[in-house]
Amino acid sequence: MCKSSSLAFVLIFAFLFRLEAPTWKLVAIIGTMTLGVVMMVAGEVEFKLEGFILVIAAAFFSGFRWGLTQILLLRNPATSNPFSSIFFLAPVMFVTLVSIAIPVEGFFALVDGLRELGNEHGLLVTPLIILFPGTIAFLMTASEFALLQRTSVVTLSIAGIFKEAVTISAAAIVFGDTMTPINIVGLLVTLVAIAAYNYLKISKMRQEAQTIVHHEHIEGVTAGGFSSSSNSGHNSDADGDGDGEEVGLLRRSTDVEETLFSADGTEAVTAPKRDPSRGRSNTIEDRGR
């Protein structure tokens with residue numbers, strides 16, 4: 001029952017690390033889900049202070065660990081991939097587990113266990129027995145990191161709660177484990193809270209997608225208007241340049257010198273071309289002369 005508090009610690013660290021936006025709807029859903037999980041696993045228990053402290057500490061550090069893991073996946077380029085994260089974290093986890101297992105279990109006890117396993121299954125099957133669950137654990141961790149990278153730490157924890165609900169339901173249906181009315185009500189409350197969280201998450205994702213599409217549409221319209229105005233300005237400049245070129249050509253054509261030839265073909269006189277507007281006056285003056 002105390003392990004059910006891990007979801008609350010996950011939500012607290014998600015708010016502290018700014019991985020989730022605090023909303024009353026989310027708090028209400030997580031609180032209802034935690035209550036449902038407590039009811040789902042409720043039974044006759046014997047309270048011990050040492051066990052309670054250990055379980056609460058495990059739940060606390062579980063939420064802290066998943067919050068830090070999501071920060072590594074989202075904000076650190078070196079660990080932005082699930083497999084690269086495992087590459088950096090696996091040696092630390094191995095050294096930590098070995099350093100705890102040897103003092104607790106004893107080094108010779110570990111060696112004796114490996115020797116008995118080899119004598120029972122042989123030298124070929126024993127490594128496969130050790131590697132098979134390790135491979136499954138590796139793939140499970142990679143899947144959890146990939147889910148954590150694409151969603152959030154709260155979604156991952158709720159997926160774990162759904163796994164527990166499925167496990168309890170399968171135990172009751174397949175193996176015939178007895179469930180009290182309180183356990184059944186807790187299971188139903190948990191499933192309803194999970195459905196409510198999924199609805200809230202999908203609605204939020206849909207709203208974010210609509211916002212992104214709206215901003216892209218506005219940017220496209222703005223860019224199109226700027227492009228059309230630039231093209232019109234360019235065309236007007238081009239027309240202005242063309243008119244200027246025509247005027248320049250006309251001006252140069254009026255300034256072309258006119259060459260006169262004599263009857264035998266030799267060049268006689270070179271004079272500038274007369275302005276048409278002044279042609280009549282020049283003709284009158286020539287006649288007067």
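Here, each number is a calculation from the coordinates, and none is a lab measurement. Just so you know, these numbers come straight off a predicted model, no measurement behind them. Don't worry about glycine lacking a Cβ; one is built from the backbone with ideal geometry, like all the others, and counts go over all protein chains shown.
At a Förster radius of 35 Å, what calculated FRET efficiency corresponds to the Cβ-Cβ distance of residue 98 and residue 55, to the nearest 0.05? List each step's numbers first, then the result.
On the way: r = 24 Å, r/R0 = 0.69.
In this case the efficiency is close to 0.90.
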Item to check | Estimated FRET transfer efficiency when R0 is 51 angstrom, pair residue 178-residue 84 (beta carbons, to 0.05) | outcome: 0.65
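At 0.36 nm per residue, minus the direct Cα-Cα distance, what do residue 105 and residue 218 gain on full extension? Give it in nm, one decimal, please. Numbers along the way, then the final one.
Working: separation 113, 0.36 × 113 = 40.68 nm, distance 6.48 nm.
That works out to 34.2 nm of additional length.
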Checklist entry - Which of the chymotrypsin sites (Phe, Trp or Tyr not before Pro) across region 111-176 are loop residues per DSSP, with 14 or fewer other Cβ within 10 Å? => result 175
Checklist entry - Could you put 47, 88, 9 in order, starting from the residue whose Cβ has the fewest other Cβ atoms within 10 Å? => result 47, 88, 9
Checklist entry - So what's the gap between the Cα centers of region 114-189 and region 43-75, to the nearest angstrom? => result 17
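Filter the trypsin sites (Lys or Arg not before Pro) in region 4-85 down to the DSSP loop ones having no more than 13 other Cβ atoms within 10 Å, then list what survives. Can you show the working numbers first?
Details: sites: 18, 25, 48, 65, 75; in loops: 18, 48.
Taking region 4-85 and a limit of 13 other Cβ atoms within 10 Å, the loop trypsin sites (Lys or Arg not before Pro) found are 18, 48.
Within 10 Å of each residue's Cβ, count the other Cβ atoms and sort 33, 205, 39 from fewest upward. Walk me through the intermediate numbers first.
On the way: 33 26, 205 11, 39 21.
Lowest count first: 205, 39, 33.
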Checklist outcome for this item: Given backbone amide H placed at 1.01 Å from N, residues whose amide H is under 5 Å from that of residue 81, ignoring those fewer than 5 places away on the same chain, are none
Checklist entry - Please identify the GluC sites (Glu not before Pro) of region 185-226 that satisfy two criteria: DSSP loop assignment and at most 11 other Cβ atoms within 10 Å. Which are they? => result none
Checklist entry - For residue 188 and residue 128 in the same chain, what is the full-extension length gain: residue separation times 0.36 nm, less their Cα-Cα distance, in nm? => result 17.5 nm
Checklist entry - Which value, in Å to one decimal place, does the Kirkwood hydrodynamic radius take for region 99-159 when every pair of different Cα atoms is included? => result 14.3
Checklist entry - So what J values fall out for region 185-190 if you push phi through Karplus, 6.51 cos²θ - 1.76 cosθ + 1.60 with θ = phi - 60°, rounded to Hz, Gly and Pro as x? => result 5, x, 5, 5, 4, 5
Checklist outcome for this item: Phi-derived 3J(HN,Hα) across region 15-32 with the Karplus relation (6.51, -1.76, 1.60, θ = phi - 60°), rounded Hz, x for Gly and Pro, is 6, 5, 8, 6, 8, 9, 7, x, 9, 5, 4, 5, 4, 5, 5, 5, x, 5
Next on the checklist: Whole-Hz ³J(HN,Hα) for each residue in region 102-113, computed from phi via Karplus 6.51 cos²θ - 1.76 cosθ + 1.60 with θ = phi - 60°, x for glycine and proline: what do you get?
Outcome noted: 5, x, 7, 7, x, 5, 5, 5, 5, 5, 5, x
